[in-house]
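Asker: Mind looking over this structure? Questions follow.
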Amino acid sequence: MMLQITNLHATVADKPILKGLNLTLNAGEIHAIMGPNGAGKSTLGYVLSGRPGYEVTEGSVTFNGEDLLGMEPHERAAAGLFLGFQYPVEIPGVSNVQFLREALNAQRQHRGEAPLSGAEFLKVAREQAGALGMDMDMLKRPVNVGFSGGEKKRNEMVQMGIIDPCLAILDETDSGLDIDALRVVGDGINRIMRKPDKTVLLITHYQRLLDYVKPDFVHVLADGRITRTGGPELALELEREGYRELAA
Amino acid sequence: MTDDSAIKDQAAWDAADKVADYEHGWSSDIETDFAPKGLNEDTVRFISAKKNEPEWMLEWRLKAFAMWKTMTPPDWAKLNVPPIDYQDAYYYAAPKAKPKLNSLDEVDPEILRVYEKLGIPIAEQEVLAGVEGARKVAVDAVFDSVSVATTFRAELERAGVIFRSISEAIKEYPELVKKWLGKVVPMHDNYFATLNCAVFSDGTFVYIPEGVRCPMELSTYFRINAENTGQFERTLIVADKGSYVSYLEGCTAPMRDENQLHAAVVELVALDDAEIKYSTVQNWYPGDAEGKGGIYNFVTKRALCQGRNSKVSWTQVETGSAVTWKYPSCVLNGENSVGEFYSVAVTNNYQQADTGTKMIHNGKGSRSTVVSKGISAGHSNNTYRGLVRVAPNAEGVRNFTQCDSLLLGSLCGAHTVPYIEVRNPSAQIEHEATTSKISDDQLFYAMQRGLGQEEAVALIVNGFAKEVLQQLPMEFAVEAQKLLGISLEGSVG
């Protein structure tokens, strides 16, 4: 298995958010986590990626057999974990190209691989940007500065394509997207991540992204725990019935 | 393990840490000729005699020395500097060498190794280390008190460019030197400039003749090596009508526990339609993490934009020194003359910087741009101090000033002190200032993409400083980017 979460408890500013969460993700699977606001969905993404301030008080997480919680955030990235941010961050004065090349080469160095040259990197970047309908001028602009909400999400997907992780945790990647952008992003997730050796954890409020990215499993996260697990039909049921009925 | 060996181990670790923090902190064992310690009229005479200077130069120095004795150090900067004992230092230290050098081959190999280790190309076939596609750069290497080599002389002379140590220029081109020395920064200008007039030991002289575009970058590389020694260099650059020159300056010093004084004077003169681009990467030893040691950097830099349409652009990256007191300025006398000041000043640990510029608009239609990026970390204090002055009959003056401060941590300070004196109603003056912190969001975002914490800080800081860094010639920009990261190591966490 790729990721095994066992009895995970976590607090933010001493407030318990995750309260005994169990989840197993295998390679080749796409999982969706749905649930009401405040259930701990984004917290799960931050805990798994090692954000400071999110404290694990109990439980364990193994990632490809290694203790994930013992790693620094950049080590988790180098080990193949990618977090698609709900609110991608602006970094003034640093171009996307520079940011991603440095990040990718830092990961490669960590894994003992040779760095990509400028030309090699640009080739990859051009391919990925092209596939997501983003022009190179945008890649040369500072990271997320002046990007619309939709452009920022698209940029997250371009980054995912360039970094090519084995586990992508996508935190509300669908929010703020119009229908056309939703399709582009959905196609991107399928193209980059729908592979036998890769796993996706989609965190979402809505069924609509799941029309484009078919999940193998759907989980309901409520009050810090997984309360139900099912197939794609569970998402439709949630959409119809609401969380209140199903979460209890 | 016994206590004793534990202590030794700790000492070894500490030493290793120190070296890792400041990579230019080693010193070289080079036989050195010192002036007797202390400062009096004899010291001034000693220096002048060592240089075989003409009588007029000695008189000039002695006049300055007499003046200096009546002066007191400036106290208006936001700096906390313990009193300096001017008698407890050497004012002249020169590597013992053959009496006269005719070519690079005669420079002490030990000194050549110092520059090699620093990555400075003083052999002409070399270019700056590790940079793809670097252009040729002519170098004046100033080691402690004297210039040990200037390169590419022949090639520059074919273009009519004079590139000499100032000691040579005083003897070879006395009329040119006399005409401009002390004309931009007058002898009585300030305490440190006056001291420099009395005891300056070397520096660089550049003259670009009318209509000549200098065929390569010129640079001076300053290295303080000897202990207890002050460095007082003097640079004079004259760009005649319609000429252009780009000049680079770099500096490093060994790590020593005592503070060392560096009091330089730089004078630039730009005549009609001339342009001078002056770039500095200042990386003097900043002192250790507890604030012990480091260079006191009291520097007076000023440009006279004398001619119509003349232009001077100062770009500085200040990462070193325990104390920096420095205001590269432009006196914009020429009609439609242009002054620019681009600055990145980084302070970490207990460093203090009070730096900025003065734009003195006397000429009609003169324009100036000031972009200052201050980055403070640790317990440091970083002040931008800037003056924009518009004279009564300077019509149509414009100035734009932007001061941005970035804070890392909660124990450091950033201060902005703008002075604006406008005596002509047609002037347009803009001043913008921001203060921000590196956000946790930015750091985490960069780390999630694979960057270690220090790499992430370096990336974000370089982005913050980009407008200034892109003003630097390519070779220097690469060095400066690395330096920003190194200077801030250990500042977050």
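Asker: So, of the residues in segment B:297-334 that are open to solvent by less than 10 Å² (accessible area, probe 1.4 Å) and over 22 Å from B:His262 (Cβ atoms), which turns out to be nearest to the chain's Cα centre (by Cα)?
Answerer: Step by step, filter segment B:297-334, then rank; the result is B:Ser313.
Asker: Another question, if that's okay. Would you pick out the residues in segment B:221-257 that are open to solvent by 20 Å² or more (accessible area, probe 1.4 Å), part of a loop (DSSP other than H, G, I, E, B) and modelled with pLDDT of 90 or more?
Answerer: Passing the criteria: B:Asp240, B:Lys241, B:Gly242.
Asker: Can I ask one more? Counting only residues that are modelled with pLDDT of 95 or more and on the phi > 0 side of the Ramachandran plot, which one in segment A:15-49 is most open to solvent (accessible area, probe 1.4 Å)?
Answerer: A:Gly28
Asker: Just to verify a result, which residue in segment B:407-447, among those that are without any contact (Cβ under 8 Å) to a residue 12 or more places away in the chain and more than 30 Å from A:Gln159 (Cα to Cα), is farthest from the other protein chains (Cβ to nearest Cβ)? Steps first, answer last, please.
Answerer: Just the residues of segment B:407-447 that are without any contact (Cβ under 8 Å) to a residue 12 or more places away in the chain, to begin with: B:410, B:425, B:439-441, B:444-445, B:447.
Filter once more, keeping what is more than 30 Å from A:Gln159 (Cα to Cα): B:410, B:425.
Numbers: B:Ser410: 16, B:Pro425: 36 Å.
Only one residue fits best here, namely B:Pro425.
Asker: Just give me the residues in segment B:467-493 being of a type in the set (Val, Ile, Thr) and closer than 14 Å to B:Ser343 by Cα, in sequence order.
Answerer: First pass over segment B:467-493, keeping only residues of a type in the set (Val, Ile, Thr): B:468, B:478, B:486, B:492.
Answer for segment B:467-493, where residues must be of a type in the set (Val, Ile, Thr) and closer than 14 Å to B:Ser343 by Cα: just B:Val468.
Asker: Okay, moving on. Would you mind finding the one in B:Asp108, B:Asp29, B:Asp42 that is open to solvent by 40 Å² or more (accessible area, probe 1.4 Å), modelled with pLDDT of 65 or more and under 30 Å from B:Glu175 (Cβ atoms)? Step through it out loud before you land on a result.
Answerer: Working: B:Asp108 fails: under 30 Å from B:Glu175 (Cβ atoms); B:Asp29 fails: under 30 Å from B:Glu175 (Cβ atoms).
Answer to the selection: B:Asp42.
Asker: Considering only residues that are over 16 Å from B:Ala303 (Cβ atoms) and either touching a Cys at 6+ places or on another chain (Cβ under 7 Å) or open to solvent by less than 20 Å² (accessible area, probe 1.4 Å) (or both), which ones fall in segment B:169-189?
Answerer: Answer for segment B:169-189, where residues must be over 16 Å from B:Ala303 (Cβ atoms) and either touching a Cys at 6+ places or on another chain (Cβ under 7 Å) or open to solvent by less than 20 Å² (accessible area, probe 1.4 Å) (or both): B:Ala169, B:Ile170, B:Val177, B:Met187.
Asker: Quick test for you: out of B:Lys358, B:Lys364, pick the one residue that is out of contact with any strand residue (DSSP E or B) (no Cβ under 6 Å at 6 or more places or on another chain), among the basic types (Lys, Arg), open to solvent by 10 Å² or more (accessible area, probe 1.4 Å) and at pLDDT 95 or above. Full working, then the answer.
Answerer: Working: B:Lys358 fails: out of contact with any strand residue (DSSP E or B) (no Cβ under 6 Å at 6 or more places or on another chain).
Result: B:Lys364 is the single residue among B:Lys358, B:Lys364 that is out of contact with any strand residue (DSSP E or B) (no Cβ under 6 Å at 6 or more places or on another chain), among the basic types (Lys, Arg), open to solvent by 10 Å² or more (accessible area, probe 1.4 Å) and at pLDDT 95 or above.
Asker: Taking A:Val158 as the residue in question, decide whether it is touching a residue at least 12 places away in the same chain (Cβ under 8 Å), assigned to a helix (DSSP H, G or I) and surrounded by 23 or more Cβ atoms within 10 Å (Cβ to Cβ). Step through it out loud before you land on a result.
Answerer: Numbers: touching a residue at least 12 places away in the same chain (Cβ under 8 Å): yes; assigned to a helix (DSSP H, G or I): yes; surrounded by 23 or more Cβ atoms within 10 Å (Cβ to Cβ): yes.
Here the answer is yes, as A:Val158 does meet what is asked.
Asker: Consider segment B:392-404. How many of its residues are part of a loop (DSSP other than H, G, I, E, B) and open to solvent by 10 Å² or more (accessible area, probe 1.4 Å)? Give the steps one after another, and end with the answer.
Answerer: Just the residues of segment B:392-404 that are part of a loop (DSSP other than H, G, I, E, B), to begin with: B:392-397.
From what's left, open to solvent by 10 Å² or more (accessible area, probe 1.4 Å): B:392-393, B:395-396.
Residues in segment B:392-404 being part of a loop (DSSP other than H, G, I, E, B) and open to solvent by 10 Å² or more (accessible area, probe 1.4 Å): 4 in total.
Asker: In this structure, is B:Asn381 at pLDDT below 95 and either of a type outside the set (D, E, K, R) or touching a Leu at 6+ places or on another chain (Cβ under 9 Å) (or both)? Spell out the reasoning first.
Answerer: Numbers: at pLDDT below 95: yes; either of a type outside the set (D, E, K, R) or touching a Leu at 6+ places or on another chain (Cβ under 9 Å) (or both): yes.
When the stated conditions are applied, B:Asn381 passes them.
Asker: When only residues in segment A:63-77 that are without any contact (Cβ under 8 Å) to a residue 24 or more places away in the chain and either open to solvent by less than 10 Å² (accessible area, probe 1.4 Å) or more than 8 Å from chain B (Cβ to nearest Cβ) (or both) count, which is farthest from B:Ile460 (Cα to Cα)?
Answerer: Step one: of segment A:63-77, the residues without any contact (Cβ under 8 Å) to a residue 24 or more places away in the chain are A:65-67, A:69-72.
Going one step further and asking which of them are either open to solvent by less than 10 Å² (accessible area, probe 1.4 Å) or more than 8 Å from chain B (Cβ to nearest Cβ) (or both), we end up with A:65-67, A:69-71.
Values: A:Gly65: 33, A:Glu66: 31, A:Asp67: 30, A:Leu69: 26, A:Gly70: 26, A:Met71: 23 Å.
Applying the filter and picking the extreme gives A:Gly65.
Asker: Separate question: Looking at (1) of a type outside the set (Ser, Thr, Tyr); (2) buried (at least 20 other Cβ atoms within 10 Å of the Cβ); (3) within 13 Å of another protein chain (Cβ to nearest Cβ); (4) farther than 21 Å from A:Phe217 by Cα, which is the only condition A:Ala10 fails?
Answerer: Answer for A:Ala10: the failing condition is (3).
Asker: Taking segment B:466-484 as the search range and keeping residues that are open to solvent by less than 20 Å² (accessible area, probe 1.4 Å) and more than 11 Å from chain A (Cβ to nearest Cβ), which one is modelled with the highest pLDDT? Before you say what the answer is, go through the steps one by one.
Answerer: As a first pass, look at segment B:466-484 and keep what is open to solvent by less than 20 Å² (accessible area, probe 1.4 Å): B:468-469, B:472-473, B:475-477, B:480, B:483-484.
Applying the additional criterion that residues be more than 11 Å from chain A (Cβ to nearest Cβ) yields B:472-473, B:475-477, B:480, B:483-484.
Numbers: B:Leu472: 87, B:Pro473: 82, B:Glu475: 69, B:Phe476: 75, B:Ala477: 81, B:Ala480: 83, B:Leu483: 81, B:Leu484: 83.
Looking at the filtered set, the residue picked out is B:Leu472.
Asker: Where in segment A:40-100 are there strands (runs of 3 or more DSSP E), lying fully within it, with 1 or more residues that are more than 24 Å from A:Lys152 (Cα to Cα)?
Answerer: Numbers: elements: A:54-63, A:81-84, A:91-95.
In segment A:40-100, the matching strands (runs of 3 or more DSSP E) lie at A:54-63.
Asker: Pick from A:Ser42, A:Ser95, A:Ser60, A:Ser49: which is within 14 Å of chain B (Cβ to nearest Cβ) and over 20 Å from B:Gln453 (Cα atoms)? Break it down into steps so the answer makes sense when it comes.
Answerer: Numbers: A:Ser95 fails: over 20 Å from B:Gln453 (Cα atoms); A:Ser60 fails: within 14 Å of chain B (Cβ to nearest Cβ); A:Ser49 fails: over 20 Å from B:Gln453 (Cα atoms).
Being within 14 Å of chain B (Cβ to nearest Cβ) and over 20 Å from B:Gln453 (Cα atoms) holds for just one of A:Ser42, A:Ser95, A:Ser60, A:Ser49, which is A:Ser42.
Asker: Also, I was wondering about something else. Taking the condition of being farther than 25 Å from B:Gln453 by Cα and under 20 Å from the mean Cα position of the chain (by Cα), how many residues in segment A:106-132 meet it?
Answerer: Counting residues in segment A:106-132 that are farther than 25 Å from B:Gln453 by Cα and under 20 Å from the mean Cα position of the chain (by Cα) gives 4.
Yes/no per residue for (1) within 9 Å of another protein chain (Cβ to nearest Cβ); (2) under 24 Å from A:Leu202 (Cβ atoms); (3) surrounded by fewer than 17 Cβ atoms within 10 Å (Cβ to Cβ); (4) not hydroxyl-bearing (Ser, Thr, Tyr):
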| position | (1), (2), (3), (4) |
| --- | --- |
| A:Ala79 | no, yes, no, yes |
| A:Val89 | yes, yes, no, yes |
| A:Gly112 | no, no, yes, yes |
| A:Ala119 | no, no, yes, yes |
| A:Gly133 | no, yes, yes, yes |
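Asker: Residues to consider are A:Lys152, A:Lys140; find the one that is more than 9 Å from every other protein chain (Cβ to nearest Cβ) and under 20 Å from the mean Cα position of the chain (by Cα).
Answerer: Residue meeting the stated conditions: A:Lys152.
Asker: Then there's this: Just the residues that are open to solvent by 10 Å² or more (accessible area, probe 1.4 Å) and among the acidic types (Asp, Glu), please, taken from segment A:161-174.
Answerer: Selection gives A:Asp164, A:Glu172.
Asker: Is there a residue in segment B:451-465 that is without any contact (Cβ under 8 Å) to a residue 40 or more places away in the chain, in contact with a Ser or Thr (Cβ under 6 Å, 6 or more places away or on another chain) and within 12 Å of another protein chain (Cβ to nearest Cβ)? Before you say what the answer is, go through the steps one by one.
Answerer: Initial filter on segment B:451-465 (without any contact (Cβ under 8 Å) to a residue 40 or more places away in the chain): B:451-452, B:454-456, B:458-460, B:462-463.
From the residues that got through so far, the ones that are in contact with a Ser or Thr (Cβ under 6 Å, 6 or more places away or on another chain) too are none.
Checked against the condition, which is being without any contact (Cβ under 8 Å) to a residue 40 or more places away in the chain, in contact with a Ser or Thr (Cβ under 6 Å, 6 or more places away or on another chain) and within 12 Å of another protein chain (Cβ to nearest Cβ), segment B:451-465 yields no hits at all.
Asker: Now, a different point. Condition (residue is buried (at least 20 other Cβ atoms within 10 Å of the Cβ) and on the phi < 0 side of the Ramachandran plot) applied to segment B:417-425: is it met by at least one residue? Step through it out loud before you land on a result.
Answerer: Filtering segment B:417-425 for residues buried (at least 20 other Cβ atoms within 10 Å of the Cβ) gives none.
For segment B:417-425, residues buried (at least 20 other Cβ atoms within 10 Å of the Cβ) and on the phi < 0 side of the Ramachandran plot: absent.
Asker: Let me confirm something: among B:Arg389, B:Arg385, which residue is more than 10 Å from every other protein chain (Cβ to nearest Cβ), open to solvent by 60 Å² or more (accessible area, probe 1.4 Å) and in contact with a strand residue (DSSP E or B) (Cβ under 8 Å, 6 or more places away or on another chain)?
Answerer: Just one listed residue meets the conditions, B:Arg389.
Asker: List every residue pair whose Cβ atoms sit under 6 Å apart, with the two residues 6 or more apart in sequence or on different chains, where the first one lies in segment B:294-320 and is under 20 Å from B:Ala465 (Cβ atoms) and the second, anywhere, is open to solvent by 10 Å² or more (accessible area, probe 1.4 Å) and of a type in the set (Asp, Glu).
Answerer: If the second residue must be open to solvent by 10 Å² or more (accessible area, probe 1.4 Å) and of a type in the set (Asp, Glu), the pairs left are B:Ser313/B:Glu340.
The values are calculated or read from the model by the stated rules, or taken from the named source; none is laboratory data. What you see is a predicted model; the values in this text were computed from it and never measured. Cβ atoms come from the backbone with ideal geometry, glycine included; neighbour counts cover every protein chain shown. The protein model used for the area step is the full one, side chains on, heavy atoms only, and it has no ligands, DNA or RNA in it. Shrake-Rupley method; radii C 1.70, N 1.55, O 1.52, S 1.80 Å.
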